[in-house]
Amino acid sequence: MKTRSRTTVAATLLVGGVVLGVLSVCIAFGPTWIVGDGSGLTAADRLKAENDVRSALLQGFVGFLALGAAALGAAVTVGQVRANREGRSTDLFIKAIDLLASDQVSVRHGGVYALEQLAEADIDERYRGHAHALLTAFIRQRAPWPPDDTDTEPTAPRPMQGGIPDDIGAAFAVLSRQSVITEDAGSVLESVDLRNAELDNITIPRACFAHSNLEGASLAGATLIGATLSGTILRNTNLTRTDLRGADLTGADLTGADLDSTILLGADLTNAQLRDANLHGVIADDTTTWPQGFTPPQPAA
């Protein structure tokens with residue numbers, strides 16, 4: 001940054017010196033060139049004409065300096081505003097990290113939305129990527145699968161929203177709005193515990209839920225194009241009208257029984273990978289789109 005500033009200053013001084021030299025030459029010799037040999041003019045008239053030209057050049061020079069000073073002032077002001085905005089963004093980013101580390105769900109909830117606000121400010125593309133990485137890491141840390149049972153201290157009941165804690169639900173809502181997701185970026189949500197979570201209509205492209213547990217969760221109407229669900233537990237999961245085009249369900253467990261079966265009504269599994277996936281007992285119908293050449297499981301008698 002300092003090197004760039006020094007280069008800019010040096011370039012500005014060089015250009016300014018060149019312009020000043022050219023203007024000085026024009027003021028010194030320009031009037032004589034413009035007036036020429038002054039045919040038909042007396043010596044006094046010629047001198048007056050040269051002075052008039054020189055005066056006009058000086059006025060133009062002063063005007064140029066004033067314009068340059070105004071432009072320089074505007075550039076400095078814009079730089080200061082930008083620096084102030086970047087400073088506030090850095091402060092907000094650090095504050096959001098502190099909020100996410102809080103012991104209180106409501107405070108962590110606020111940290112999630114602080115990251116979204118920072119990403120939406122669109123000051124620096126890097127903040128979007130940082131916010132995205134932080135939110136996915138936050139979900140993995142707060143809802144790991146298998147659950148972390150090393151903490152033997154009693155904990156107070158956590159506020160729940162849609163089958164999952166408020167802060168986790170807020171993080172999924174932000175990811176679904178995609179304001180923190182840069183183009184073509186994937187969401188690493190591997191090995192998370194989302195049992196009984198209500199995540200209907202979420203839209204998270206290229207999400208990786210590999211080796212996670214979504215048993216009893218509802219993802220009806222969700223858009224999970226290109227999702228990785230290999231080795232994922234999807235028993236009794238509601239996947240009605242879920243867009244799973246190109247998803248990897250290798251080795252996924254979609255088994256169910258009776259009224260608790262995994263529901264695939266209207267689900268789109270075009271180009272999905274179902275190798276070694278357990279589909280015993282799933283509920284599907286004519287509106288379910290299977291991969292080309294795939295033989296759907298027969299309904300239980």
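The values are calculated or read from the model by the stated rules, or taken from the named source; none is laboratory data. Note that the coordinates shown come from a computational prediction; the quantities given were computed from them, not determined experimentally. With ideal geometry, Cβ positions are generated from the backbone for all residues, glycine too; neighbour counts draw on all protein chains shown.
Summary of computed values
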item	result
Test: residue in region 122-135 that is in contact with a strand residue (DSSP E or B) (Cβ under 8 Å, 6 or more places away or on another chain), modelled with pLDDT of 90 or more and either exposed (fewer than 13 other Cβ atoms within 10 Å of the Cβ) or farther than 18 Å from PHE93 by Cα (or both)	no
Enumeration of residues in region 184-225 that are more than 21 Å from THR270 (Cβ to Cβ), touching a strand residue (DSSP E or B) at 6+ places or on another chain (Cβ under 6 Å) and of a type in the set (Val, Ile, Thr)	VAL188
Residue in region 246-266 that is without any contact (Cβ under 8 Å) to a residue 24 or more places away in the chain, among the charged types (D, E, K, R), outside any loop (DSSP other than H, G, I, E, B) and farther than 25 Å from LEU135 by Cα present	yes
Residue list for region 136-189, filter: of a type in the set (Val, Ile, Thr) and either at pLDDT 95 or above or assigned to a helix (DSSP H, G or I) (or both)	THR136, ILE139, ILE168, VAL174, VAL188
Residue in region 211-226 that is in a loop (DSSP other than H, G, I, E, B), buried (at least 23 other Cβ atoms within 10 Å of the Cβ), among the hydroxyl-bearing types (Ser, Thr, Tyr) and in contact (Cβ under 8 Å) with a residue 24 or more places away in the chain present	yes
Qualifying positions in region 227-246 - surrounded by 20 or more Cβ atoms within 10 Å (Cβ to Cβ) and within 19 Å of ILE139 (Cβ to Cβ)	ALA227, THR228, LEU229, SER230, THR232, ILE233, LEU234, THR237
Some residue of region 275-294 being assigned to a loop (DSSP other than H, G, I, E, B) and within 30 Å of the chain's Cα centre (by Cα)	no
Residue that is farthest from THR295 (Cα to Cα) [pool: residues in region 238-262 that are in contact with a Leu (Cβ under 6 Å, 6 or more places away or on another chain) and modelled with pLDDT under 95]	THR262
